[in-house]
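Everything on this sheet refers to the single structure shown next.
The values are calculated or read from the model by the stated rules, or taken from the named source; none is laboratory data. This is a predicted model, so every value here is computed, not measured. When we count neighbours, we look across all protein chains shown, and the Cβ atoms used for this are built from the backbone with ideal geometry, even at glycine.
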Amino acid sequence: MPTATRKKHGQVIKDARGKALGVFLTMAQYEQIMEDLHDISIMAERAGGPTISMKAMERRLKKDGVI
């Protein structure tokens, strides 16, 4: 018979031997994980791409009226 234990990041479902079978998450937890995964995939796509200095970025933001 599966049992459940609450963790900070979801509810772990275990079998009679204590082996983890799955996790129940709230929708908010699931959505946060999906957002984090999306952010990580964007970073991975951009790895090794062109970069600019902090000073150059500040100049660009000031020129665009952002700061």
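Listed values, structure above:
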item	result
Which numbered condition GLY65 fails, given (1) outside any helix (DSSP H, G or I); (2) modelled with pLDDT under 95	(2)
Search result, residues across the stretch 7-47 that are in contact with a helix residue (DSSP H, G or I) (Cβ under 7 Å, 6 or more places away or on another chain) and in a strand (DSSP E or B)	GLY10
Some residue of the stretch 28-39 being surrounded by fewer than 11 Cβ atoms within 10 Å (Cβ to Cβ) and at pLDDT below 95	yes
